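Novice: Take a look at this one; I'll ask things after.
The values are calculated or read from the model by the stated rules, or taken from the named source; none is laboratory data. Since this is a predicted model, take the numbers as computed values, not measurements. When we count neighbours, we look across all protein chains shown, and the Cβ atoms used for this are built from the backbone with ideal geometry, even at glycine. The accessibility values were calculated without ligands, DNA or RNA, using every heavy atom of the protein model including side chains. Shrake-Rupley method; radii C 1.70, N 1.55, O 1.52, S 1.80 Å.
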There are 2 protein chains.
Amino acid sequence: MRDLAPALDDLGAFAADAARRAGQASLNWFRVPLTIDTKADESPVTVADRTVESLLRAEIVERFPDHGIFGEEHGRERMEAEHVWVIDPIDGTRSFITGWPLYGTLLAVLRQDKPVIGVIEMPALGERWVGIAGQPTRFQGAPCRTSDCRELAAASLYTTSPDAFDPAGWAVFDRVSRQVRTRRFGGDCYSYGLLAAGHIDLVIEAGLQPYDYLSLVPILEGAGGAIADWQGRPLTTQSDGRVVAAASPELLAAALAAIAAAQEG
Amino acid sequence: MRDLAPALDDLGAFAADAARRAGQASLNWFRVPLTIDTKADESPVTVADRTVESLLRAEIVERFPDHGIFGEEHGRERMEAEHVWVIDPIDGTRSFITGWPLYGTLLAVLRQDKPVIGVIEMPALGERWVGIAGQPTRFQGAPCRTSDCRELAAASLYTTSPDAFDPAGWAVFDRVSRQVRTRRFGGDCYSYGLLAAGHIDLVIEAGLQPYDYLSLVPILEGAGGAIADWQGRPLTTQSDGRVVAAASPELLAAALAAIAAAQEG
């Protein structure tokens, strides 16, 4: 028998410290004039994204040389390893380059392809969520819980932007979101943090990448919430980028049913 | 001849202090379970909105008993006075009740119906903009400037939510916003602060109330920007709630021309 708990604790502590240091580094470029390059998918990228990821990769390779790494800016290496780190150095680059403080640094660890560690670091706010599989999620060091919301009609829903959806996806989102108590826009990864801390109830998005959503899984599940793709399947590196995260399994089921009905209608 | 400069400085200093104190008070109810009531216009309101406005009104009445007051929650009094204070105790109540830190406390002073003082206080962020007619706008105590953006194609544009527009207004916004470099959602009053500080270039909104926009006028104008209604008219208590704010008079003119073209098309 192998005792995994200490290993997970060690990984979680290292991930939280590394995310904090990386986030601090990002502030060197926040609200400073930057050259903005455009990637193949037309998303913006700056020296901040690239340098913050390089810092994280260097720390991970030094401490865990046999682990794999999958980063937004510098690609994949050792993806066959038992542990793979997933890095989004600046989640919300469009927020970052417009001086918006709700950008985050995201870090996940996959063990045999399953996310077991997740960190949401909000450098400009000084806020941090840490999720470790099988443990309560911590916000600012203390355990946090999702709300007890179980019904769409009572839910407050966030999504980052209508522009993240294709037309069919937007039609589905629009129909589902008419059934909730309130819908709001903006937020990137921060919405999922507020969901884990019990302040909002539901997030529905599309167009996400693995480095956008894998860190969210241990955070949401360790706080009592649930997260899946639009078909209700667990999120993996192979998911299609359409994500629904809810305060409770019951609310997730209700949202999935509403999505299915909207797709049929 | 009456020397108005000292009076404006005094008003500005008092407004900034009062907004800071009111914002601190709002934090007592932030991320705390609250009863949410619904107003006649279906917008939400809580004890926080009402109490923060009451605190501000009490301070203003004690210091300036002959001034008028126009507040979101507790109405209008002495509107015929030379000076009228305009209060939005919590701009972004939907942000506030979902634990979102980008809500603000807004305070304006009108002199003979013209906004001469404006304060954007962001209690959860500890950030503050103060505008005084004829003086440079201050962000965190230091003068701030808008960007030098003059062309739509180079502009980063924010608006709070598609849901704030009626269908015709959304069609206009959508057409205009396709001409900018990037469009983003979320923010309430904070967008105008980032505009004054040079981080974004353009804000186009609809459905605003006088207490949402009057404080923004001295802040934008004192930072080198420009703000008007969708027809290019100065904002007053009688405006229709459709607002465009830009980093420069040139960009405002370009946005107004694009709005006019979109309305005709």
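Novice: Tell me, yes or no, whether the range B:41-51 has at least one residue that is part of a loop (DSSP other than H, G, I, E, B), closer than 20 Å to B:Asp188 by Cβ and touching a Leu at 6+ places or on another chain (Cβ under 9 Å). Lay out the reasoning, then the answer.
Specialist: Here is the first cut: in the range B:41-51, the residues part of a loop (DSSP other than H, G, I, E, B) are B:41-43, B:46.
Imposing the further condition that a residue be closer than 20 Å to B:Asp188 by Cβ reduces the set to B:41-43, B:46.
Filter once more, so that each one left must be touching a Leu at 6+ places or on another chain (Cβ under 9 Å): B:46.
The answer is yes; a qualifying residue exists.
Novice: When you scan the range B:113-169, how many residues do you find that are away from chain A (no Cβ under 14 Å), among the acidic types (Asp, Glu) and assigned to a strand (DSSP E or B)?
Specialist: The number of residues fulfilling the criteria is 1.
Novice: Give the residues of the range B:163-197 that are within 15 Å of B:Ile120 (Cβ to Cβ) and open to solvent by 10 Å² or more (accessible area, probe 1.4 Å), sorted by residue number.
Specialist: Of everything in the range B:163-197, those that are within 15 Å of B:Ile120 (Cβ to Cβ) and open to solvent by 10 Å² or more (accessible area, probe 1.4 Å) turn out to be B:Asp188, B:Ala197.
Novice: Report yes if A:Leu251 is under 20 Å from A:Gly92 (Cα atoms), open to solvent by less than 10 Å² (accessible area, probe 1.4 Å) and not acidic (Asp, Glu), otherwise no.
Specialist: no
Novice: Further, regarding this structure: Inside the range B:209-238, can you point out the residues that are crowded, with 24+ Cβ neighbours inside 10 Å and among the polar types (S, T, N, Q)?
Specialist: B:Ser215
Novice: Out of all the residues in the range B:56-71, is one or more within 14 Å of another protein chain (Cβ to nearest Cβ) and either part of a helix (DSSP H, G or I) or surrounded by 16 or more Cβ atoms within 10 Å (Cβ to Cβ) (or both)?
Specialist: Looking for residues that are within 14 Å of another protein chain (Cβ to nearest Cβ) and either part of a helix (DSSP H, G or I) or surrounded by 16 or more Cβ atoms within 10 Å (Cβ to Cβ) (or both), one finds none in the range B:56-71, hence no.
Novice: Among the residues of the range B:177-229, which ones are aromatic (Phe, Trp, Tyr) and either at the interface with chain A (Cβ under 10 Å from one of its Cβ atoms) or touching a residue at least 40 places away in the same chain (Cβ under 8 Å) (or both)?
Specialist: B:Phe185, B:Tyr190, B:Tyr192, B:Tyr211
Novice: Could you grab me the full set of residues in the range A:28-44 that are open to solvent by less than 60 Å² (accessible area, probe 1.4 Å) and either away from chain B (no Cβ under 14 Å) or among the basic types (Lys, Arg) (or both)?
Specialist: Correct list: A:Lys39 only.
Novice: Turning to a different aspect of this structure: Just checking, does the range B:88-104 include any residue being open to solvent by 20 Å² or more (accessible area, probe 1.4 Å) and either aromatic (Phe, Trp, Tyr) or on the phi > 0 side of the Ramachandran plot (or both)?
Specialist: no
Novice: Do we have A:Gly241 as at positive phi, of a type outside the set (S, T, N, Q), touching a residue at least 12 places away in the same chain (Cβ under 8 Å) and surrounded by fewer than 24 Cβ atoms within 10 Å (Cβ to Cβ) here?
Specialist: For A:Gly241, the condition - at positive phi, of a type outside the set (S, T, N, Q), touching a residue at least 12 places away in the same chain (Cβ under 8 Å) and surrounded by fewer than 24 Cβ atoms within 10 Å (Cβ to Cβ) - is met.
Novice: Hey, among the residues in the range A:76-109 that are free of Cβ contacts under 8 Å to residues at least 12 places away in the same chain and not in a strand (DSSP E or B), which one's nearest to the other protein chains (Cβ to nearest Cβ)? So that I can check it myself, show each step before the final result.
Specialist: We begin by selecting, within the range A:76-109, every residue free of Cβ contacts under 8 Å to residues at least 12 places away in the same chain; these are A:76-77, A:79, A:98, A:100.
Next, only the ones that are not in a strand (DSSP E or B) stay: A:79, A:98, A:100.
Values: A:Met79: 32, A:Thr98: 5, A:Trp100: 7 Å.
This residue is A:Thr98.
Novice: Taking the range A:129-162 only, how many residues are surrounded by fewer than 17 Cβ atoms within 10 Å (Cβ to Cβ), under 19 Å from A:Glu205 (Cβ atoms) and touching a residue at least 60 places away in the same chain (Cβ under 8 Å)?
Specialist: Qualifying residue count, the range A:129-162: 0.
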